[in-house]
């Protein structure tokens, strides 16, 4: 097992933000001070777009409920990390301001107001969805009386499966106040002892192993929340007492981790840090709107919370658990199942991934094309007697990972296997520690990378004995090696046997394992430092074209755009006349369409059935986009300071003509043309749904019904033609 050292600190200090082409002026001091949106408020706008899908009448009911659940999960993480971080700044009296000039306190004030509005919208949508589901035969028990059959079943269920796991705890000076876990919920009971009339307060914490919702047998499908079930059967918990009142509550805790530079043993440090996170400072208390004021005051006192850290709920205290109802067997209330295609290019070679890649570079677009091809690539490497070495980065691999199984099989077959396991993958730290242990036990050389930087690049490298020498095959991805998220996230997998890419991949792994700076790369730009430098070089080239009166254009697809220096570079390019179209799914701090600043910049966000996750950059290179000469890149990095300066990332150029067409003329263009799932950002920070128009276009439907270019192989010439997309005012055209 190899752990990170402080060599990374030296490397970090030696890198500075590049200035790019010296012929281009980059003075951002002339730009207006109010040129950025607030990052946190922009994120809340993103979650409002997610929540809006729960109201989308074009979606089946259970899918709308899924979006409501996702919005709740998103909000939990935002509170546990971003809001907790700002609150810590206020406590420590840190004077740092955001890029839009707000102090931590000012941001918290604006955030709390926005969250209050967002939570209110969640409950309005919840009420509407519950009524609509009830009409479709899916019922949620809330305030109504139980029918006899329901009461009988729930009594038996409670006695057999719930009561044994519960531990009532008295709340009085003789008992310490119980610890409430992060995302934990419970019920406070006010009781009177029948024997002597003495008042007693009791707390019942909900064990996390219990299901959040319980389904009653039979039809119609009837569900009840676990807290509601416990409250209704509480008399069985407190014989000899009369229940006066009860109130359900839930807490969120600070869940961010601070990495100490002097951590000598990362494994031990993270195991300890995970335990500390579970006991982090409480940052939010959610209670029922009918919660007893005295009980609320007691909880606030014990948890040391101010009034602005309390939310009163008009429904479930957490929307996350509603995902259980989505599992109901009602295909008529869900999206029609979709089975991804397996690339025909690989099938033409009898499923031999290496033969297909050896013939020509290939890009696979997930989830429209199966992630199985990535797993097969590794499993074939593990079983192939000619494969001598495998190197693999692992950021998030999931709980049941075929990728991990392939690496273990390869090591047990005697191959040299190196796995870079990132311990700092937020909320996956514990899972990654588990995989690291499993891999090491199988004989895999486990590397933890750098203390200061996360290894976020998605790279796999296989060295194979062929003829009298060796050939290397590489996979570069925009997403994680996670088979489950690959069914929902749209990502690109680029396979190549081009020696230039493979030599660069070797330099990348040497950088991570041996701290050998990757100088002289032929194809890849590697961060920290390299991705920013390459993007600046390409932006500056377009700026120079514009100033020379030539066509100049930039297209980009990102999950987030927050880095102020990168945004300023785009502003300066816009001022020079570069036409810039951005597809930014989540946070965007750039203000589009501002006179004299960003007249030529448009920003849209695509939110739909699949989560847009691939990162793409395209530069016109002296002509309008799209064109065959355009410089096209895919990346693991977003437009954020952490990706450009504090993570190991890669920017991958696309040179093969078929793959170039697929990424630029299919994936990128289809996202720009979408009118059914798109939101347009205006200069005030508001997003507006794009009007579908007379020729609506849905990027996800297009890829569900049309195969990709590079994955088709010979079928591209003799099979059904893939509709060609073209830019046209008012929407998409196909030819």
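At-a-glance table
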| quantity | calculated |
| --- | --- |
| Matching residues, region 644-688, being touching a residue at least 40 places away in the same chain (Cβ under 8 Å), assigned to a strand (DSSP E or B) and farther than 19 Å from residue 459 by Cα | 678, 679, 680, 681, 687 |
| Set 577, 593, 620: member being crowded, with 24+ Cβ neighbours inside 10 Å, over 27 Å from the mean Cα position of the chain (by Cα) and modelled with pLDDT of 95 or more | 620 |
| Residue that is loosely packed, with under 12 Cβ neighbours inside 10 Å and either within 29 Å of the chain's Cα centre (by Cα) or modelled with pLDDT under 75 (or both), where the choices are 720, 712, 689 | 720 |
| Residue under evaluation residue 82, criteria (1) free of Cβ contacts under 8 Å to residues at least 60 places away in the same chain; (2) outside any helix (DSSP H, G or I); (3) surrounded by 13 or more Cβ atoms within 10 Å (Cβ to Cβ), criterion not met | (2) |
| Number of positions in region 528-539 that are in a loop (DSSP other than H, G, I, E, B) and in contact with a helix residue (DSSP H, G or I) (Cβ under 7 Å, 6 or more places away or on another chain) | 1 |
| Residue that is assigned to a helix (DSSP H, G or I), modelled with pLDDT of 95 or more and more than 24 Å from residue 589 (Cβ to Cβ), where the choices are 11, 62, 41 | 62 |
| Residue 542 vs. criteria out of contact with any helix residue (DSSP H, G or I) (no Cβ under 9 Å at 6 or more places or on another chain), in the same structural domain as residue 603 (by TED's automatic domain parsing) and either surrounded by 23 or more Cβ atoms within 10 Å (Cβ to Cβ) or not in a loop (DSSP other than H, G, I, E, B) (or both) | no |
| Condition broken by residue 474, with the remaining ones in (1) touching a strand residue (DSSP E or B) at 6+ places or on another chain (Cβ under 7 Å); (2) outside the structural domain of residue 663 (by TED's automatic domain parsing); (3) in contact (Cβ under 8 Å) with a residue 60 or more places away in the chain satisfied | (3) |
| Flag for residue 382 being over 21 Å from residue 615 (Cβ atoms), modelled with pLDDT of 85 or more and buried (at least 18 other Cβ atoms within 10 Å of the Cβ) | yes |
| Residue 136 being within 38 Å of the chain's Cα centre (by Cα) and modelled with pLDDT of 95 or more | yes |
| Hits in region 95-107 - residues which are in a loop (DSSP other than H, G, I, E, B) and touching a helix residue (DSSP H, G or I) at 6+ places or on another chain (Cβ under 7 Å) | 96, 98, 99 |
| Any chance residue 551 is surrounded by fewer than 22 Cβ atoms within 10 Å (Cβ to Cβ), out of contact with any helix residue (DSSP H, G or I) (no Cβ under 6 Å at 6 or more places or on another chain) and part of a loop (DSSP other than H, G, I, E, B) | yes |
| Among (1) buried (at least 19 other Cβ atoms within 10 Å of the Cβ); (2) assigned by TED's automatic domain parsing to the domain that holds residue 493, the one test that residue 351 misses | (1) |
| Yes/no for residue 199 being exposed (fewer than 14 other Cβ atoms within 10 Å of the Cβ) and either out of contact with any strand residue (DSSP E or B) (no Cβ under 7 Å at 6 or more places or on another chain) or modelled with pLDDT under 90 (or both) | no |
| Any hit, region 204-211, residues being in the same structural domain as residue 143 (by TED's automatic domain parsing), modelled with pLDDT of 95 or more and surrounded by 19 or more Cβ atoms within 10 Å (Cβ to Cβ) | yes |
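Residue by residue, here is whether (1) under 26 Å from residue 302 (Cβ atoms); (2) in contact with a strand residue (DSSP E or B) (Cβ under 9 Å, 6 or more places away or on another chain); (3) modelled with pLDDT of 95 or more; (4) in a loop (DSSP other than H, G, I, E, B) holds:
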{"position": "109", "(1), (2), (3), (4)": "yes, no, no, no"}
{"position": "113", "(1), (2), (3), (4)": "no, no, no, no"}
{"position": "126", "(1), (2), (3), (4)": "no, no, yes, no"}
{"position": "150", "(1), (2), (3), (4)": "no, yes, no, no"}
{"position": "172", "(1), (2), (3), (4)": "yes, yes, no, yes"}
{"position": "175", "(1), (2), (3), (4)": "yes, yes, no, yes"}
{"position": "181", "(1), (2), (3), (4)": "yes, yes, no, yes"}
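The values are calculated or read from the model by the stated rules, or taken from the named source; none is laboratory data. Every value quoted in this text rests on a predicted model; they were computed, and no experiment measured them. Methodologically, a virtual Cβ is constructed for each residue, glycine included, from the backbone with ideal geometry; neighbour enumeration extends over all protein chains shown.
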